[in-house]
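The values are calculated or read from the model by the stated rules, or taken from the named source; none is laboratory data. Since this is a predicted model, take the numbers as computed values, not measurements. A quick note on method: Cβ atoms are made from the backbone with ideal geometry, for glycine too, and the neighbour counts reach across all protein chains shown.
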Amino acid sequence: MPLAKLYVEGDLDAAIYNKVFSGVLIEQGGSKTAIKPQARKDRTLKVEAGYLRDRDFDFSPTEIVSTPTVDALHNGKPLGWRLNRHELENYLIDPRVVSSTFGIQVGAWETALSHAATKICHYQVARWTIGFVRSNLPPNYELNTKPDGIDEMRLPADLTEAISLQWCKNAIGAFRDKIDPHLDVVAIDAEIERRRNTFQAESLKSCDYVLLWCSGKDLFAAVDLTATEDDRIRGPKDLCNRLRDWVRDHPDQFLAYYPELQELRNQFLA
């Protein structure tokens with residue numbers, strides 16, 4: 001059954017996906033944490049909805065990047081998907097897209113991206129480390145502000161100060177026990193070292209590797225804009241807007257670069 005509605009995150013996502021996934025109703029739904037429950041609610045109302053989110057620092061890249069990655073299921077069927085590259089910007093700043101937009105050599109932009117990745121590599125190590133720590137922390141709602149088993153408009157049997165404060169301390173202690181191992185200095189140092197290995201200088205010579213691991217937004221901010229050979233590109237926003245406009249004018253050519261996105265479109269329209 002074709003997807004009736006696809007929830008996406010921001011303005012750029014909606015602008016691109018409206019063209020690339022033409023035939024599917026694109027609904028801008030806010031943050032990546034907001035679009036999943038919206039799609040799930042629609043499914044419970046018998047609306048064939050789904051969502052597509054950035055991968056961000058929440059997941060390491062998959063080994064196979066040519067096929068879509070399912071982010072969540074609903075009743076055994078895919079509810080949401082996440083991009084295999086870091087975020088949508090990583091698809092826009094690809095040398096093939098930049099070359100098609102500005103008429104420059106693919107190799108020149110590959111070099112520019114490699115230099116940008118080298119410039120931001122320590123920052124990427126830091127961001128990935130925080131992402132790893134965050135992904136292992138329990139969600140804040142697991143620290144409940146009322147005892148387990150107490151329904152709404154009900155009170156605990158014992159409301160004395162001693163019992164109330166003992167429950168408070170026990171709840172906080174149990175939550176802390178879940179968190180402490182992931183915030184341990186030794187564990188953090190180990191993760192930093194692991195991410196240093198991810199961002200070795202030799203690896204950053206590969207454009208595909210850079211676009212898989214580095215934040216696309218950070219690459220936009222770091223890349224040498226003179227490599228576009230266009231004096232009108234004075235900042236990362238200018239570059240992003242030009243690439244966005246090219247994609248909107250050439251959605252089929254853009255899709256042809258990415259088997260992953262082609263397959264997503266096939267699934268959405270099937």
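Taken as a whole, the range 23-33 holds at least one residue that is crowded, with 18+ Cβ neighbours inside 10 Å and part of a helix (DSSP H, G or I). Pairs are defined by a Cβ separation below 6 Å, a sequence spacing of at least 6 or placement on different chains, a first member in the range 189-203 that is closer than 12 Å to ILE130 by Cα, and a second member that is modelled with pLDDT of 95 or more; the pairs so defined are GLU191/THR129; ILE192/THR129; ARG195/VAL125; ARG195/TRP128; ARG195/THR129. LEU12 meets each of the listed conditions (1) farther than 30 Å from ILE130 by Cα; (2) surrounded by 15 or more Cβ atoms within 10 Å (Cβ to Cβ); (3) out of contact with any strand residue (DSSP E or B) (no Cβ under 7 Å at 6 or more places or on another chain) apart from (1). Taking the condition under 25 Å from PHE254 (Cβ atoms) and surrounded by 14 or more Cβ atoms within 10 Å (Cβ to Cβ), does LEU83 pass? Answer is yes for this residue.
Output the residues belonging to the range 152-186 that are part of a helix (DSSP H, G or I), closer than 21 Å to ASN136 by Cβ and free of Cβ contacts under 8 Å to residues at least 12 places away in the same chain. GLY173, ALA174, ARG176, ASP177, ASP180, PRO181, VAL185, VAL186 - these are the residues of the range 152-186 that are part of a helix (DSSP H, G or I), closer than 21 Å to ASN136 by Cβ and free of Cβ contacts under 8 Å to residues at least 12 places away in the same chain. Residue count for the range 226-241, restricted to those that are touching a helix residue (DSSP H, G or I) at 6+ places or on another chain (Cβ under 6 Å) and surrounded by fewer than 18 Cβ atoms within 10 Å (Cβ to Cβ): 1.
Restricting ARG234, ARG248, ARG244 to residues that are assigned to a loop (DSSP other than H, G, I, E, B) and either hydrophobic (A, V, I, L, M, F, W, C) or modelled with pLDDT of 95 or more (or both) narrows the list to ARG234.
Taken together, ALA116, ALA201, ALA187 contain a single residue that is in contact with a helix residue (DSSP H, G or I) (Cβ under 7 Å, 6 or more places away or on another chain) and closer than 26 Å to LEU243 by Cβ, which is ALA116.
Yes/no matrix, rows are residues, columns are (1) surrounded by 11 or more Cβ atoms within 10 Å (Cβ to Cβ); (2) not aromatic (Phe, Trp, Tyr):
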| site | (1), (2) |
| --- | --- |
| ALA126 | yes, yes |
| GLY131 | yes, yes |
| GLY149 | no, yes |
| TRP167 | yes, no |
| ILE172 | yes, yes |
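For (1) among the aromatic types (Phe, Trp, Tyr); (2) outside any loop (DSSP other than H, G, I, E, B); (3) under 17 Å from the mean Cα position of the chain (by Cα); (4) not assigned by TED's automatic domain parsing to the domain that holds TYR258, each residue gets a yes or a no:
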{"residue": "ASP58", "(1), (2), (3), (4)": "no, no, yes, no"}
{"residue": "VAL65", "(1), (2), (3), (4)": "no, no, yes, no"}
{"residue": "ASP71", "(1), (2), (3), (4)": "no, yes, yes, no"}
{"residue": "TRP81", "(1), (2), (3), (4)": "yes, yes, yes, no"}
{"residue": "VAL97", "(1), (2), (3), (4)": "no, yes, no, yes"}
{"residue": "THR101", "(1), (2), (3), (4)": "no, yes, no, yes"}
{"residue": "ILE104", "(1), (2), (3), (4)": "no, no, no, yes"}
{"residue": "TRP109", "(1), (2), (3), (4)": "yes, yes, no, yes"}
{"residue": "ALA112", "(1), (2), (3), (4)": "no, yes, no, yes"}
